[in-house]
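The values are calculated or read from the model by the stated rules, or taken from the named source; none is laboratory data. In this text, all values refer to a predicted model and were calculated from it rather than measured experimentally. Cβ placement follows ideal geometry from the backbone for every residue including glycine, while neighbour counts extend to all protein chains displayed. What goes into the accessible areas is simple: the full protein's heavy atoms, side chains included, and nothing from ligands, DNA or RNA. Shrake-Rupley method; radii C 1.70, N 1.55, O 1.52, S 1.80 Å.
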Amino acid sequence: MVVGAARTADVRAAVRFAVDNGLPVGVQAAGHGCSAPAEGGVLITTGRMSGVVVDPRRRTVTVEAGVRFEQVIPAAAQHGLAPLGGSAPHVGVVGYVLGGGVGLLVRTYGYAADRVCSLEVVTADGSLLRVTPDTEPDLYWALLGGRDNFGIVTRLEMGLVPVERLYGGGLFFDARATPDLLSAYIRWTRDLPEEMNSSVALIPFPEDPEVPGVLRGRHVYHLRVAYTGNAREATRLLEPLRAMAGPPLIEALHDMPYTQSASIHDEPSVAVPFVREVALFREFDQDTIDTVLEHAGPQSPLPIVVEVRHLGGALATPPRHPNAVGHRDATYLLSVVVLLFGVTEDDTRRVFGKLFDALRPWSIGTSLNFMGHGRNAGGMRLRAAYTPADLERLAALKAAHDPSNLFRLNYNIPPAVGRE
Ligand SMILES: Cc1cc2nc3c(=O)[nH]c(=O)nc-3n(C[C@H](O)[C@H](O)[C@H](O)COP(=O)(O)OP(=O)(O)OC[C@H]3O[C@@H](n4cnc5c(N)ncnc54)[C@H](O)[C@@H]3O)c2cc1C
């Protein structure tokens with residue numbers, strides 16, 4: 001059963017209905033991060049819960065469960081503020097934040113989850129709880145990182161940052177002409193200030209008339225930049241990388257208002273079927289680079305999009321109020337994606353399996369927001385998102401707040417046995 005909730009009371013009614021009928025509960029907002037199918041359960045969709053209120057004095061935004069970043073960005077910009085959103089503004093705020101939130105400005109400001117002030121949540125008995133770090137420190141800690149294992153968040157207030165403009169955009173390089181660009185990128189990132197946020201993607205562009213001619217049918221490195229300082233300083237910082245990389249195919253770096261930040265990654269806004277895998281790293285040395293390129297580079301039989309995001313910086317700063325989001329020591333995030341057009345999921349999983357087996361010696365874990373769906377949602381993978389101590393605490397809190405595991409249509413943390 002799918003319940004299209006329009007208000008908090010609908011979420012409560014749906015949870016109570018599920019409890020009375022012995023059905024598990026799942027939640028969907030903007031639909032970018034399905035983890036497990038909701039067959040045989042109650043799926044609460046929150047897209048109709050779309051209220052956004054910016055408080056310029058407190059520098060916060062309060063969003064209802066179905067709000068996307070594209071609604072918050074213009075509302076916050078009216079007050080010279082910005083949310084810590086990610087690469088695509090059509091992503092839902094609540095799911096993104098509960099999974100940590102690796103934003104465009106992650107090195108400058110850290111995880112988005114660290115700025116959550118309060119949450120309203122419908123718990124496993126259908127009651128509505130206001131959760132703050134002071135009133136419910138355990139549940140606050142668990143929701144931010146444990147996502148919908150502890151309830152359905154109906155409203156969330158989080159801090160905004162005083163960012164009006166960025167220097168950023170993209171540079172595109174022919175991968176055949178610059179085969180060492182990934183190595184050059186990693187070397188470049190080793191000595192950058194926290195204001196410089198970037199990633200590089202290796203993209204196999206199809207022979208498609210909608211793709212700009214210069215990119216069509218080519219493997220291309222796309223360098224993405226979001227710098228919170230001025231253009232002159234950004235240009236200076238980029239010089240060493242430009243010197244190593246040579247002339248780009250396309251150059252699109254400029255000063256821009258934060259409201260145009262979606263252009264930096266230019267993610268497609270149409271829904272496409274895909275398989276994704278992710279891993280986090282403290283270091284990304286030449287062996288790691290060679291392994292990635294061997295399995296997922298231009299020689300791969302599959303059209304794999306490889307992305308390496310530079311983390312570190314403010315990500316390592318412990319949050320003012322602790323939460324369960326893990327891996328603050330990560331310096332790089334590797335994500336690989338295959339769009340399932342003319343390619344099967346099984347073939348993709350086979351290639352990804354080989355790649356991630358080979359990367360195991362260097363990887364320090366996974367990131368919830370990029371973990372993908374289906375068998376990726378299994379317990380083995382989920383374990384890699386947390387430290388053993390945090391996972392044990394999450395399981396104990398799950399036993400206290402959801403002993404019957406009502407909220408299990410997700411990356412599930414089963415209740416610790418004997419703790420309820
Ligand atoms: C194109 C694209 C770009 C992305 N870029 C980034 C990025 O830059 N940084 C980043 O960190 N992530 C990124 N993501 C991942 C994204 O943040 C997560 O998948 C996020 O969970 C998506 O939320 P949603 O509402 O869009 O998706 P949905 O599929 O609707 O929700 C995903 C999950 O969020 C949880 N959730 C949603 N609503 C609630 C609620 N009310 N209460 C409790 N739990 C809830 C549930 O676990 C749900 O299964 C990206 C994903 C895509 C597809």
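Over all distinct Cα pairs, what is the inverse of the mean 1/r for region 228-347, reported as the Kirkwood hydrodynamic radius in Å? Kindly include the intermediate steps, with their values, before the conclusion.
On the way: mean 1/r = 0.0564 Å⁻¹.
Roughly 17.7 Å, rounded to one decimal.
Ignoring ligands, DNA and RNA, what accessible area per residue does region 1-97 give at 1.4 Å, in Å²? Don't skip to the end; give the middle numbers.
Values: 4160 Å² over 97 residues.
It amounts to 43 Å² per residue over region 1-97.
For region 332-346 and region 249-317, what is the separation of their C-alpha centers, rounded to whole Å?
Rounded to whole Å, the Cα centres lie 12 Å apart.
If Lys and Arg each add +1 and Asp and Glu each add -1, what is the summed charge of the other residues whose beta carbon sits under 11 Å from the beta carbon of ASN197? Working shown, then result.
On the way: positive: ARG107, ARG224, ARG309; negative: GLU194, GLU195.
Once all neighbours under 11 Å are counted, the net charge is +1.
Running a GNM on the chain with Cα contacts under 10 Å, which residue among PRO204, PRO301, PRO319 ends up with the highest mean-square fluctuation?
Between PRO204, PRO301, PRO319, it is PRO301 that shows the largest mean-square fluctuation.
Could you please state, rounded to a whole Å, how far the C-alpha centre of region 196-217 is from the C-alpha centre of region 1-57?
The two parts, judged by their Cα centres, are 36 Å apart.
Just the number, please: carbon plus sulfur as a percent of the accessible area of region 237-287, 1.4 Å probe, no ligands or DNA/RNA counted. Don't skip to the end; give the middle numbers.
Values: 1420 of 2710 Å².
For region 237-287, the apolar C and S fraction of the accessible surface comes to 52 percent.
Below 8 Å between Cα atoms, with a sequence gap of 6+, how large is the relative contact order for region 330-420 in percent? Don't skip to the end; give the middle numbers.
Details: 58 pairs, mean separation 19.9, N = 91.
After rounding, I find 22 percent.
Please compute one quarter of the surface area of the Cα convex hull for region 143-191 and express it in square nanometres.
Approximately 7.4 nm², given one-decimal rounding.
Against the longest alpha carbon principal axis of the chain, how many degrees, from 0 to 90 and to the nearest 10, is the axis of helix 137-146 turned?
Between the helix axis and the principal axis of the chain, the angle is about 50 degrees.
Relative to the longest principal axis of the C-alpha atoms of the chain, give the angle of the C-alpha long axis of helix 231-245, reported between 0 and 90° and rounded to the nearest 10°.
Its long axis makes an angle of about 60 degrees.
Could you give me D for the chain, from Stokes-Einstein at 4 °C and 1.567 mPa s, where the hydrodynamic radius is the Kirkwood radius over C-alpha pairs? Units µm² s⁻¹, please.
Values: Rh = 22.0 Å.
In µm²/s, the coefficient is 59.
With each run of n ≥ 4 DSSP H residues scored as -39500 (n - 2.57), what mean residue ellipticity at 222 nm is computed for the chain after dividing by its residue count and rounding to the nearest 500 deg cm²/dmol?
On the way: 12 runs with 115 residues, N = 420.
Value at 222 nm, helices only: -8000 deg cm²/dmol.
State the percentage of accessible surface on region 80-212 attributable to carbon and sulfur atoms; use a 1.4 Å probe and exclude ligands, DNA and RNA. Intermediate results must be reported in sequence, preceding the final value.
Details: 1960 of 4160 Å².
Answer for region 80-212 is 47 percent, counting heavy atoms of protein chains only.
Just GLY168, GLY313, GLY246 to compare: in a GNM of the chain, with alpha carbon springs under 10 Å, which one fluctuates most?
Highest fluctuation of the listed residues: GLY246.
Pairs of alpha-carbon atoms within less than 8 angstrom and 6+ residues apart define the contacts here; what relative contact order does region 26-128 have, in percent?
Values: 145 pairs, mean separation 20.2, N = 103.
Relative contact order here is 20 percent.
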